[in-house]
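Okay, so here's the structure we're looking at.
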Amino acid sequence: MLLTSEGHFSDRDLPVQLFYTQSSSSLQWHSHEFTEIAIMLGGSCVYETDFSSTVISRGDVMFIPRGGTHRYLEEKNVSLMNVLFMLENLTFPYQDIFADPRFTALFRIRSEYCRQRQFYPHLHLAEKEIEEVSGILMPAWEKQRKGLPGATLGVYGAFLQIIPVLLGAESKWISAPEKTPARISEAIGKMHERFREKVSIQRLAREVGMSESSFSRHFKTATGETPVEYLLKLRLQDAADKICNGMAVSDAAFSSGFSDSNYFSRIFKKKYGISPRKFCKIPK
């Protein structure tokens, strides 16, 4: 069963929804067109994917990428909060979060790569962290359920508040059984920190303990893009944001890591279908 974005996000301006349930077993095997954080607030059940089966209970948090297949069995007094979101449509107020390798490990690794390496990210919260997350999400869900004024803003705010709690969780992270996905996540974090500089793929691979060929192969599988394509995307996005905020095209190009403004204009038009100068004039 495929759960679609259209069926779960009625407000396209808010690509985040909360879904609280005490039983999910009726869904059986399912996947979805969005990313999901499933937080066990109480009870226990068997969490099964297409490559593993695990008993989960209060404090367990499962990160299920878009397209990830899973189901819940043998539920006992389950209290489960699902945070559904479309990452590509979200705006984060602080872009440095993308440089955190833990953020990449949770949200930017494709489900195809997870299946290949036979893992979905999973962590266990300490009791104080469970209380904090529950205290943020449950009131937002109640407002969403009742359709109260400000519910949309409350859900979005709740999502932003739990991210640093999850990234800073003190309890054990349960990730891939080997180090390669963590190395790719670390490399992506370094790219977000340095994309405005000259970045050597060979050096980046060496810094995370991989050969260049292995690094490039795993990176492509994990993200769907080569390291060079990923860096180019980061630079273009950064330049586009600066142009939207009134910076001159050439200044935006150079400050985002491009050494040639003409080259920048060509690839910008290829990506966005419009020249940077015209893009600058589009009302945002």
>> For the chain, set up a GNM with springs between Cα atoms under 10 Å and report which of THR35, THR21, THR104 has the largest fluctuation.
In response: THR21
>> At 222 nm, what value in deg cm²/dmol follows for the chain if DSSP H runs of at least 4 each add -39500 (n - 2.57) and the sum is divided by all its residues, to the nearest 500?
In response: -14000 deg cm²/dmol
> For HIS218, HIS30, what ranking results if the residue with the fewest other Cβ atoms within 10 Å of its Cβ goes first?
Replying inline: HIS30, HIS218
>> Around GLU207, under 15 Å between beta carbons, what's the net of Lys plus Arg minus Asp minus Glu among the other residues?
In response: +3
> In angstroms, what radius of gyration and Dmax does the chain have, counting Cα atoms only?
Replying inline: 20.4, 62
> Of PRO149, PRO65, PRO227, which has the largest mean-square fluctuation in a 10 Å C-alpha GNM of the chain?
Replying inline: PRO149
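Out of the DSSP beta bridges found with both residues in the chain, what percent are antiparallel (nearest 5)? Present the calculation step by step, with values, prior to reporting the outcome.
Working: 33 of 35 bridges.
Rounded to the nearest five, the antiparallel share is 95 percent.
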> Which trypsin sites (Lys or Arg not before Pro) does region 130-172 hold that lie in a coil by DSSP with at most 16 other beta carbons within 10 Å?
Replying inline: LYS172
> Among CYS244, CYS114, which comes first, then next, by fewest other beta-carbon atoms within 10 Å?
Replying inline: CYS244, CYS114
>> Compute a Gaussian network model of the chain, connecting alpha carbons closer than 10 Å, and tell me which residue from ASP60, ASP238, ASP260 fluctuates the most.
In response: ASP260
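Can you pull out the trypsin sites (Lys or Arg not before Pro) in region 1-84 whose DSSP state is coil and whose Cβ has at most 11 other Cβ atoms within 10 Å? Show your work: numbers first, answer last.
Values: sites: ARG12, ARG58, ARG66, ARG71, LYS76; in loops: ARG12, ARG58, ARG66.
Answer in residue order: ARG12.
With a ≥ b ≥ c the root eigenvalues of the C-alpha gyration tensor of region 178-284, is it rounded (a/c under 1.5), prolate (a/b larger than b/c) or oblate? Kindly include the intermediate steps, with their values, before the conclusion.
Values: a/c = 2.63, a/b = 2.36, b/c = 1.11.
In terms of gyration-tensor shape, prolate.
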> Among all the aspartates and glutamates, which ones have a C-alpha under 13 Å from LYS242's C-alpha, if same-chain residues fewer than 8 places away are not counted?
Replying inline: ASP251
> Angle, helix 151-167 long axis vs. longest principal axis of the chain, Cα atoms, 0 to 90°, nearest 10?
Replying inline: 90
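Are there GluC sites (Glu not before Pro) in region 163-267 that DSSP marks as loop and that have at most 16 other Cβ atoms within 10 Å, and which are they?
On the way: sites: GLU170, GLU178, GLU186, GLU193, GLU197, GLU207, GLU212, GLU225, GLU229; in loops: GLU170, GLU178, GLU197, GLU225.
Passing sites in region 163-267 are GLU170, GLU178, GLU197, GLU225.
Fully extended, how many nm does the chain gain between THR221 and ARG203 (0.36 nm per residue separation, minus their Cα-Cα distance)? Present the calculation step by step, with values, prior to reporting the outcome.
Values: separation 18, 0.36 × 18 = 6.48 nm, distance 1.98 nm.
Full extension of this stretch gives 4.5 nm more.
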> LYS179: which lysines have alpha carbons under 22 Å from its alpha carbon, excluding same-chain residues fewer than 8 sequence positions away?
Replying inline: LYS190, LYS220
> Can you list the lysines whose alpha carbon sits under 18 Å from that of LYS128, skipping same-chain ones fewer than 8 residues off?
Replying inline: LYS172
> So, how do all the Cα-to-Cα distances of region 219-269 break down into 5 Å bins, in percent, from 0 on up?
Replying inline: 4, 23, 29, 19, 11, 9, 3, 0
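Every number here is computed from the coordinates shown, using simple stated rules; none is lab data. The shown structure was predicted, so the numbers you read here are calculated from the model rather than taken from an experiment. For neighbour counting, all protein chains shown are included, and Cβ atoms are generated from backbone atoms with ideal geometry for every residue, glycine included.
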